[in-house]
Amino acid sequence: SFNFSVLTLSCFSMLGERIPLTKVKTMREMLSEKKLISTYDSNITSVPMRNFLDLSSVGNIIIGTPPQEFQVIFDTGSSDLWVPFIFCTSPSCYTHNTFKYHESSTYWNTHKPLNIIYETGIMKFPYDTTWTGDLVSTDQPFGLSLEINKFDNTPFDGLLGLNYPHMSAIGAIPIFDNLKKQGSPSLFSLQMQGKWLCGMFGGVDKDYYQGELNWVPLNEIAYWRINMGHISMKRKVIACSRGCHVIMDTGTPVTVGPTRLVNNIQKLITPGHRHYVSCFAINTLPSILFTINGINYPMPARAYILKDSQGHCFGTFKENRVSTSTETWILGDVFLRLYFSVYDRGNDRIGLAPAV
């Protein structure tokens, strides 16, 4: 990612005053009026995000000149930025914002087709100016999707990847790295609790967490992966018994692990059914503890049991369909909503602390 002054979102101050209109407005003023940025510290840029059904966190970005606004998932599990193209033919694109290349004076195209691994369909590979909060990335490579599936009822248009460069599916420089090259700081943090969520570039705001940050070094300088000691329930180890790897992924809504171990956990929390459980069980099921760097991070039943749109409650542990040589877990939004997380590219480490 990039060298940011941690993304400390002053989410609530963003919802306040509007900047008065003037004859000529700067980009910062236009973004402030749209409540897309909030800065109360010259080293910190805040980006408001929204909670969608406790399954994803969505924030706004700007692409092009004049600005075109998109809602994206800030995704630590991928490295690319992509949004739908005006020529997208999928039905999903009719209900999402699409990028109108002909309206941007800073757009330029390489005419290079590409395939995105985590989505089906072909994307164009152009460049344009992007705004993340009030941070500007000039000549930023990004994907324009000509076809997207399974996005019919989602509140977001695309993804903004915050992972390391080599994870780019298009071999492009991610926004974080481009901003770092252009002089921005090397750190960002996320507060994913509550209705209004916070993304912070360039610093850490202590108002968003309790106690001290527990810094954990990455076990491979490739993506946001660290070591985990074990997973336990009622003082009994139920997974990761010999230590394992864990990836912090804001683009994954649930907790993902090896099939056998996930099935065992599902049997503990949803006996007699593969995923669904009585909603009353939320008050009786114990917390599941994730031990990282010698510190326990409890996930209470209210976090790992969610309610769907029909009022049915279900467990949020899912099987990883991709086998790995070592036991690897993915902690997604259901975990990261409980803990303020800091992603430090300057020192290749993750900081965790209980969210306020």
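When only Cα pairs below 8 angstrom with a gap of at least 6 residues are kept, segment 203-283 shows a relative contact order of 16 percent. A probe of 1.4 angstrom, applied to the heavy atoms of all protein chains, finds Thr324 with accessible area near 80 square angstrom.
Here segment 184-263 carries DSSP beta bridges of which approximately 90% are antiparallel, counting only pairs with both residues inside. Taking 0.36 nm per residue of separation and subtracting the current Cα-Cα distance, fully stretching the chain between Glu212 and Glu103 would add 34.5 nm.
Accessible-area rank, largest first, for Thr326, Thr291: Thr326, Thr291, with all protein chains present and a 1.4 angstrom probe.
The residues of segment 209-354 expose, per residue, 47 Å² of accessible area to a 1.4 Å probe. With the simple spin-label model, which puts each label point 7 Å out from Cα in the Cβ direction, the Arg321 to Asn149 separation comes to 1.0 nm. Karplus-based coupling profile of segment 106-111, in residue order and whole Hz: 9, 7, 8, 10, 8, 6, with θ = phi - 60° in 6.51 cos²θ - 1.76 cosθ + 1.60 and x standing for Gly or Pro.
The values are calculated or read from the model by the stated rules, or taken from the named source; none is laboratory data. Computed from a predicted model, the values in this text were never measured in an experiment. Methodologically, a virtual Cβ is constructed for each residue, glycine included, from the backbone with ideal geometry; neighbour enumeration extends over all protein chains shown. Please note that ligands, DNA and RNA were not included when accessible areas were found on the heavy atoms of the full protein model with its side chains. Shrake-Rupley method; radii C 1.70, N 1.55, O 1.52, S 1.80 Å.
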